[in-house]
Amino acid sequence: MKLKTLIKNIPIRQVKGSKDVEITGICINSKLIAPGNLFIAKKGRTNDGAQYIPEAISAGAVAVLTDLFDPSLKGITQLVHPDVAAIEALLAANFYQFASDQLFTVGITGTNGKTTTSFLTKYLLDHLHGPCGLIGTIEYIIGHQRYQATRTTPDIAANHKMLREMVLQGCQSAVMEVTSHALDQGRTLYIEYDVAVFTNLSVDHLDYHHSMEEYCHTKSKLFSSLKPERKKGPKVAVINADSPWHPKMIENCPAQILTYGIDNPADLRASQIVMSGQETQFLISYKGKNHLCKSPLVGRYNIYNILAATGVALARGNTLEQVIPLIATFAPVPGRLEQVPNALRKKIYVDFAHSDDALTNVLECLQELKKEGKILTVFGCGGDRDRTKRPRMAKACEALSDLCIVTSDNPRSEDPQAIIQEIIKGFSHPDNYIVEVDRYKAISRAIEMMGPSDILLIAGKGHEPYQVFAHKIIEFDDRKVAAQICQHLASRKIS
């Protein structure tokens with residue numbers, strides 16, 4: 001696309017250089033620039049994109065969007081606008097031709113449950129309407145291509161690019177996990193959602209949002225942005241009626257509302273719940289009719305995820321008779337209460353839970369599955385993240401575990417020992433926890449302490465195959481580590 005075509009009707013203040021250059025893509029990361037790209041040099045919270053312009057030019061950028069003209073830059077067209085962030089989304093949407101308009105697009109937001117809900121929603125749409133793309137915490141799925149995710153909701157240019165690639169790959173739908181950070185930073189602007197889902201809201205990210213009210217307001221932007229009508233039909237907000245924050249979430253929502261829940265009255269409701277270690281069974285009620293639903297997903301919190309995904313399918317025009325058989329065949333999501341096969345045949349689970357509310361949900365589920373024995377929990381807290389939740393996570397673990405082993409998560413730039421000191425302030429008694437900073441040793445110690453009927457939860461990292469420190473990233477997958485330790489212990493017993 002010619003630059004002059006791309007910027008037509010966009011209020012660029014100044015263009016220095018040729019408008020006839022051919023633009024091959026839009027990118028905000030100088031390390032990912034391809035020849036012919038337009039580089040967006042935006043000020044971030046810690047870095048100024050302008051300092052990476054020389055690197056982008058060296059990589060082949062032919063144009064740059066910046067807030068200040070730099071006369072020293074030669075051989076590149078400069079688009080100058082005082083507020084780069086205000087127009088980057090429109091540039092990306094223009095270049096990638098508003099790809100979301102050609103897809104049935106679903107946005108899912110909430111503190112917990114986004115990933116499982118998004119995978120289940122994709123699964124339903126795949127089977128009911130043809131290929132569905134996915135942008136989320138674990139991976140990005142575009143047609144037959146799968147890429148490990150770098151962040152739950154990528155930057156604005158990457159989002160529009162992936163949606164366009166989904167269209168080109170023949171996808172009919174797209175499901176996106178939408179974080180509060182992405183909504184606040186405008187990373188989903190000009191993406192038109194057909195359905196938006198609210199899972200729940202609990203205390204998290206207060207290092208960024210400062211208050212629950214601000215956090216809620218940011219999440220609600222997804223719903224206030226829904227346009228009442230589109231060519232493809234009305235917009236729908238699928239809302240968890242059991243969340244005390246749900247009235248605020250839909251306060252300014254112009255779309256149709258479909259509620260779901262267990263405890264409160266809702267359009268889509270679950271009742272008569274029966275859970276085991278292998279499956280969950282319940283009655284699902286909609287428009288006066290009851291249907292028996294079975295799922296291999298265990299835990300009460302997964303019923304909410306199932307209801308949310310079912311709500312999306314209903315909003316798409318499907319029936320419960322079409323949806324329920326598919327729910328029964330959906331495999332659990334990686335790193336979400338995932339049982340680790342091991343040589344010792346111990347009950348070891350790995351989960352991504354990294355907030356007190358998520359830990360409570362998972363541990364309550366394990367308490368229901370436990371017939372006898374103890375529950376041991378290995379957990380830590382991420383560095384450079386909301387520090388207020390650290391003692392709350394200790395309190396949640398202590399309440400539902402027989403023993404907690406506090407260790408490192410992804411400490412990032414923080415001192416792992418300092419993080420642990422903030423965590424243990426939440427325990428009521430020192431006998432209820434053990435500290436082992438090294439995560440490998442913590443997992444090993446927990447496995448060696450397990451009795452025949454005990455359950456071990458390794459929480460915080462779930463599907464992640466790495467551990468992030470201040471100056472390095474190492475390979476570390478809780479599932480592989482636990483399996484390797486069990487194999488070593490089993491071999492030692494035989495010898």
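Each reported figure results from applying straightforward, stated rules to the coordinates on display, with no laboratory input. Worth saying up front: this structure is predicted, and the values here are computed from it rather than measured. Ideal geometry is used to build each Cβ from the backbone, glycine not excepted, and the neighbour counts take in all protein chains shown.
Brief remarks follow.
- For segment 52-65, putting each phi into the Karplus relation 6.51 cos²θ - 1.76 cosθ + 1.60 with θ = phi - 60° gives couplings of 9, 4, x, 5, 5, 5, 4, 7, x, 4, 10, 8, 9, 9 Hz, in residue order, rounded to whole numbers and with x for Gly and Pro.
- Taking the helices alone, the chain has a mean residue ellipticity at 222 nm of -10000 deg cm²/dmol, built from -39,500 (n - 2.57) per DSSP H run of at least 4 residues and averaged over all its residues.
- Spherically averaged projected area of the chain from its Cα convex hull (nm²): 24.7
- Relative packing of 154-164, 461-471, which averages over residues the other C-beta atoms within 10 Å, highest first: 154-164, 461-471
- Lys pairs, segment 189-313 - Cα-Cα below 19 angstrom, 8 or more residues apart or on other chains: 8
- Among 398-408, 23-33, 211-221, 348-358, the peptide with the highest mean count of other Cβ atoms within 10 Å heads the list, and the full ranking is 348-358, 398-408, 23-33, 211-221.
- Pairwise centroid distance, computed over Cα atoms, of segment 282-304 with segment 118-184, Å: 26
- A straight line joining the Cα centroids of segment 306-364 and segment 461-491 runs 22 Å.
- Summed side-chain charge close to His160 - residues other than His160 whose Cβ falls under 13 Å, Lys, Arg +1, Asp, Glu -1: -2
- Per-residue packing, averaged as other Cβ atoms within 10 Å, sorts the ranges 41-47, 77-83 into the order 77-83, 41-47, beginning with the highest.
- FRET efficiency for Tyr147 and Ser453, using Cβ-Cβ distance with R0 set to 60 Å, rounded to 0.05: 0.90
- Karplus-based coupling profile of segment 291-305, in residue order and whole Hz: 9, 7, 10, 10, 8, x, 6, 9, x, 4, 5, 6, 5, 4, 4, with θ = phi - 60° in 6.51 cos²θ - 1.76 cosθ + 1.60 and x standing for Gly or Pro.
- Rounded to whole numbers, the Karplus 3J(HN,Hα) couplings from phi for segment 12-22 are 6, 5, 8, 10, 10, x, 6, 8, 8, 5, 8 Hz, using 6.51 cos²θ - 1.76 cosθ + 1.60 with θ = phi - 60°, and x at Gly and Pro.
- Cut-off under 5 Å, modelled amide H: who pairs with Leu65 long-range: Phe39, Ile40, Ala41, Leu79
- Amide N proximity, segment 206-221 versus Asn252 label position 7 Å along Cα-to-Cβ, cut-off under 20 Å: 209-221
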